[in-house]
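Novice: Have a look at this one.
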C-alpha cells in the first residue's frame, strides 16, 4: 500500500494529503479541542508507535488527538474530513502484540480516546455497565469494588486495556462472560461525517433496554464496528455477571505431549452442555512456565529449547505437558454437581492430575492465586512477564488461529505452529482457548526487540505461518498491523466477496476514507 | 408511501414500475427459472397475501417466484434489478400475525424460498446444522429424529415456519437455545446485484468453523440481515443443543393478579445466573386458556370478558392468574440442584403453586404433554388455536413490546396493553417471555376476520398501543406490515440517526431499491 513520502515537524505526511493540509488540520484540532489534547512530533510518537515493532514499516503517527467528549470526537472527524487527513482510532491503545496504539498508515492522526473514561452507569438489578472507550478493565474493576456492587466482570490477560477496545477487537476473558463480543449490548457511534447513531434500543430516546436487548427494530449494527473502520464507538453496554456464591478454579494437568487431543475432546462436551461455564485455557509447559519464570534459568542455548529442558521444567514446576485451566460457578450444590461430572469425565485421561481451588465469589485479589485471577474476573498484569521469556528487551507478537474445538483440529494447529516456530529457533509457548464451539490457538512469540536478527525472523516467519494455516484450512481472527492485508487475503470465497462487501460499506459510511484506512485490510478507494 | 396505481393480469403494478416492465420481468423469470416456479394472478395471491388482514392496505403481490437454488436467486435479483421490479423475500412466509407472506408494497414480486429446503449439514460433535431458507422447524426436527442425532433444537410457538425466516425476524423458542439470533452463526447472502457473500469464517473457502465461530476477520455482517432488506439469506448455520439426560419442565402458578411483579422479579436472578436455562413464558389466565378452550364456553357477551368469567376459568382449569413455564436441563444431580434453588426462591410468593414434570432428554412428542413441547424442542401447531378464541373466522395479530426483565416494567407494560385492548372490547390474553436481560410483552389479539367492525378496531387500536408504549418509553421489536413505519418512527434518537444509517446502507447495498422496500421502515430513494 502507499507509504508516506515526506517528513515535517508534524511527523510523516499521510498518503493523499499534503504537508499543508495536514498542518491546517492540526491547527484546527488545536483550535477546536479546547479540553482535549493535540500532540505532534516526538510527543506524538512517544506512546503511539508499536512498542514491539519487528518490521521496517513505520506505522508512525503524524499527530495524536485526545478528545474528551463525543462532541470533540465529532469535531475531529469533521476536521479530518475537511482536510482529508486519515485518522486511526484507539480506545487506549493497549492492543499489545498487534501493534499497540500505532496506526496502519504512517502519517495518520491517532485518535486516542483514553480521556473519555467515564463509567456512565452500573445496573446491579439486570447486570450491566455502560462505559466510554477510555474505561480500562482495571478502572471498571475498581469502580465495582469501591461501590460494593455484587457483580463479577470478565477481564482479558492484561487488565490495562480498554473494555471497548478489547471487545471491538473480539478479545476475550476467562469467566462465563469471557466471549466479550457476545456480552456487548448496544453502542453509540460517531460516523465519519460526524453523525451520531445509537444502536439497538438506544435508537429510541430514553429506552431503558439499550444495554439489555441487542435487537432493536430493523438490522443490527453493533457487529459492523468489530475490527472495522466504519465508525468510532463512543459508548457501549457490557453485561456483568452476578457474583456467584462459590467458584472453583480447576487445573487439569496432562502428562503426555500426546494428551492434547483427549484434553480438548474431554473439554468440548462439558463446555457445550454448560457444565463448565468458563472457557478453558489449555497451555503447554512453556506457555505456563513463561508466566512464572524465564528461559535462561533452564536453558541458555540458541534455537528452540530442547525436549530435555522442557521435561525438567515440567518436573521442577509441577506442570503438565498440557495444562487446562477453567472454572465452575454457582451455589454450593451446583458447583459440586458440576465438579462431580467434570472429574468423572477427566478420569478418562490416564495420569492426568486434577487440582481444584475453591474461592468465595466475592474474593478479592489478595485472596486469589495470581494464576486464578482471570477466572475470578480480577485484572492483572502478570502475563506481561511472558514477553521477557527470551531476555533482551522484552517484546512479543501473537498468532491467533481459529478452529473447531476438536482434538483433531487442535493437534493439527499445534503441529503446524510448533514446526514453523521451532524452525525459526523460537520456543513454542502456546496453546488454546477452548470455547463451546470454537477454539483459538494462541502462540505468543517473544523476542528481543533490540536484536535485528530476531525481529527479522519474526517478520519472515509470520507470513509463512499464515500460509501454513491457510493450507490446512485455518485462518487467524486477529492480526498485527503488518499482516492485516495478508490475512484478509485468506478470506477469499467467491473471489473475495467479503472484501467487496466491506469496501462497499466503507464507501457508503466513510466516502472520504478518513477512518482507520487499512484496518483489517479494508482500504478507502485512494489506497486500494 | 406510494401505492400501486394500476392492475393487470399480472396483478397490481408496483410503484416506479410500468405494466410493461413488470410483464417483461415476469417473462424473464419464467424463461430463467427452469426448475423453479413463477405464479401470477390468482395463483400468486392464494398463499401470498396476509391471512389475517385487518387494514384496507392491499399488501398484494404481482407475482410469486419460487427459486430452487442459489443461482436461481441470483437470477431473480438480476432480472428484478434490470426491470426495476421490487421483490419481497420470504423464507416460507409463515410470519403469521405480522402479515404472513404478503409484501409491504403491493405489486412486489414475492420471492418464496420454500423450495430451497435442504438440511446441508448436521454436526453432532460440535452441535450445529447448516440449513437453507425453506427448512422448517418441523423439517429439521424430523431430520434429527429420523437420523437419531442426539441433539435438541429450539422451536418457536408454531413449528411450521422457516428456521431462517424466524431467526431473521428475531423470533424465539423456549429451550436454552431459545434466543435464535444468538445461536445463529454464519450466513450465505445474495446481494441485490447478485453477488454472493459468505460471512464470518465462511468467507474463507473450506474453513470448517463457518457455523462455529461468529467472528471471522473484520466486521461482522450477520446482524445486518436481521429484519432487513439488505440481502437474501440463502444459507445459515444454527447451533443445536446436545440432548441432556434429563429435563424438568416447571409451571409456577401465581394466585393473584398482583403477583406479576413478584413472579418476574423471582425469575430474573434465576435466569441471569443460569439456574433456569430456558426463558420463562409468563401468561395470564386467558393466554393459557385460549390454547385449550374457547371463549364462548365461558362467556358469550360483547366487550372484554368480565372478571368473574376469568375467575371461573382459573378455578375450573386449575390455572393461576399468572402462569410461568420454564425448564431446567442436565444430569440428574444438576437438575436437582437447579430445582432446589428454584423452589426455594418461589417460596417467597404466597399461595403460589409449583408443578414439575420430568422427562428424559430424548422424549418424543407422544411422551410429552402438549404444553411442555416447546421447552422440549418439539414442534407443534397447538398455538394456532389461540386465533380461534373469539369465534368467527380465526385471525390474530400480535403486539410485541421489549422491556427490561423487572416486575416494575412488566406491570407497566401489562397495564398499558390491557387498558387499551379492553377499551376496544377485546380480551387481554397476554403475558411475557422473560429472558435473563430482557422481557417481551406479547399480546395476541384474536379477532373475527369476517367482521368489518373487529378488523377496523384492530387497525385503529394498534397505532394507539404503539403510542401508549412510546409515552412510557417502550417500543415493539417486531411489526405487522401495516405498522412498520409507525414503529420505526419511535426510534428517533438524534432526529432518526438510526434510520439515516439504514438508508445509507440500503443505498450502498441495493442502489436500485429492489429488495423488500419498506421492510421495517427502510425505503429506497424512490419511495422515501
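Novice: In nm, one decimal, shortest first: how far is the label point of residue A:528 (7 Å from Cα along Cα to beta carbon) from the matching points in the other copies?
Specialist: 2.3
Novice: What's the angle, to the nearest 10 degrees (0 to 90), between helix A:493-509's Cα axis and the longest principal axis of chain A?
Specialist: Helix A:493-509 and the main axis of chain A meet at about 50 degrees.
Novice: Taking the label point as lying 7 angstrom from Cα along the Cα-to-Cβ axis, what are the distances from residue A:350 to the corresponding position in the remaining copies, in ascending order and in nanometres?
Specialist: For residue A:350, the other copies' label points sit at 6.5 nm, shortest first.
Novice: Determine the relative contact order of the stretch A:382-528: mean sequence separation of Cα pairs under 8 Å and six or more apart, normalised by residue count, in whole percent. If you can, show how the numbers build up before the last one.
Specialist: On the way: 203 pairs, mean separation 34.0, N = 147.
Computed over the stretch A:382-528, the figure is 23 percent.
Novice: On a C-alpha basis, how far is the centre of the stretch A:108-129 from the centre of the stretch A:40-68 in Å? Whole number, if you could?
Specialist: 23
Novice: Oh, and also: Which order do the peptides B:466-473, B:491-498, A:48-55 come out in when sorted by mean C-beta neighbours inside 10 angstrom, highest first? All intermediate terms of the calculation are to be shown ahead of the outcome.
Specialist: Details: B:466-473: 17.0, B:491-498: 18.6, A:48-55: 22.2.
So the peptides B:466-473, B:491-498, A:48-55, ranked by packing, come out A:48-55, B:491-498, B:466-473.
Novice: If you take each beta carbon of peptide A:123-135 and count the beta carbons of other chains within 10 angstrom, what is the mean? Each step should come with its number before you reach the end.
Specialist: Working: counts 2, 0, 8, 9, 6, 2, 0, 0, 0, 0, 0, 0, 0.
For peptide A:123-135, the averaged partner shielding equals 2.
Novice: Just the Cα atoms of the stretch B:271-317, one point each, no solvent: what log10 I(q)/I(0) does Debye give at q = 0.13, 0.23, 0.30 Å⁻¹?
Specialist: -0.41, -0.80, -1.19
Novice: From other protein chains only, count the Cβ atoms within 10 Å of every residue's Cβ in A:220-232, then give the mean. The partial results should precede the final answer.
Specialist: Details: counts 10, 6, 2, 11, 8, 2, 7, 6, 3, 2, 2, 1, 0.
That works out to 5 on average.
Novice: Which residue in chain A puts its Cβ closest to the axis that rotates chain A onto chain B, and at what distance in whole Å?
Specialist: Residue plus distance in Å, as requested: A:508, 2.
Novice: Round to the nearest 10 and give me the degree value, 0 to 90, for the angle of helix B:260-272's Cα axis relative to the longest principal axis of chain B.
Specialist: Long axis of B:260-272 versus the principal axis of chain B: about 70 degrees.
Novice: Turning to a different aspect of this structure: Can you give the angle from 0 to 90° between the axis of helix B:137-146 and the longest principal axis of chain B, with both taken from C-alpha atoms, to the nearest 10?
Specialist: For B:137-146 against chain B, the angle is about 70 degrees.
Novice: Rounded to whole Å, give me the distance from the Cα center of the stretch A:475-492 to that of the stretch B:309-346.
Specialist: Each part reduced to its Cα centre gives a spacing of 51 Å.
Novice: Separation of the stretch B:132-183 and the stretch A:236-275 by C-alpha centroid, Å?
Specialist: For the stretch B:132-183 versus the stretch A:236-275, the Cα centre distance is 28 Å.
Novice: Taking square-rooted eigenvalues a ≥ b ≥ c of the alpha carbon gyration tensor, is the stretch A:219-341 rounded, prolate or oblate, where a/c under 1.5 means rounded and, failing that, a/b exceeding b/c means prolate? Could you put the intermediate results ahead of the total?
Specialist: Numbers: a/c = 2.39, a/b = 1.36, b/c = 1.75.
Oblate.
Novice: Taking a ≥ b ≥ c as the square roots of the eigenvalues of the Cα gyration tensor of chain B, is the shape rounded (a/c under 1.5), prolate (a/b larger than b/c) or oblate? Working shown, then result.
Specialist: Numbers: a/c = 1.85, a/b = 1.32, b/c = 1.40.
The shape class here is oblate.
Novice: Next question. With r defined as the distance between the Cβ atoms of residue A:472 and residue B:472 and R0 fixed at 51 Å, what FRET efficiency is calculated, to the nearest 0.05?
Specialist: Values: r = 55 Å, r/R0 = 1.08.
Rounded to the nearest 0.05, the efficiency is 0.40.
Novice: Between rounded, prolate and oblate, where does the stretch A:17-158 land on the alpha carbon gyration tensor, with a ≥ b ≥ c its root eigenvalues, rounded for a/c under 1.5, else prolate if a/b exceeds b/c? Show your work: numbers first, answer last.
Specialist: On the way: a/c = 3.03, a/b = 1.65, b/c = 1.84.
Judged from the Cα gyration tensor, the stretch A:17-158 comes out oblate (a/c at least 1.5, b/c at or above a/b).
Novice: Computed over the Cα atoms, what is the radius of gyration of the stretch A:410-455 divided by 2.2 N^0.38 Å, N being its residue count?
Specialist: Computed over Cα atoms of the stretch A:410-455, the ratio equals 1.34.
Novice: Additional query: Per 20 Å bin, what percent of the C-alpha pairs of the protein assembly as shown does each bin hold, from zero upward?
Specialist: 13, 44, 35, 8, 0
Novice: Counting helices only, and only those DSSP H runs with n ≥ 4, report the 222 nm mean residue ellipticity of the protein assembly as shown as the sum of -39,500 (n - 2.57) divided by its residues, in deg cm²/dmol to the nearest 500. Spell out each step's value before the answer.
Specialist: Working: 28 runs with 324 residues, N = 1056.
That calculation yields -9500 deg cm²/dmol at 222 nm.
Novice: Taking the label point 7 Å from Cα in the Cβ direction, how far apart in nm is residue A:193 from each other copy of itself, listed shortest first?
Specialist: Nearest to farthest, the other copies are at 2.0 nm.
Novice: Now, a different point. Can you tell me, using C-alpha contacts under 8 Å and at least 6 residues apart, the relative contact order of chain A as a whole percent? Intermediate results must be reported in sequence, preceding the final value.
Specialist: Working: 1210 pairs, mean separation 84.4, N = 528.
Reported as a whole number, the value is 16 percent.
Novice: Once you keep just the Cα pairs under 8 angstrom separated by 6 or more residues, what percentage relative contact order results for the stretch B:168-236?
Specialist: Working: 117 pairs, mean separation 23.5, N = 69.
Answer for the stretch B:168-236 is 34 percent.
Since every read-out is calculated from the coordinates, none of them should be taken as a lab result. The shown structure was predicted, so the numbers you read here are calculated from the model rather than taken from an experiment. Cβ sites come from the backbone with ideal geometry, for glycine too, and all protein chains shown count toward neighbours.
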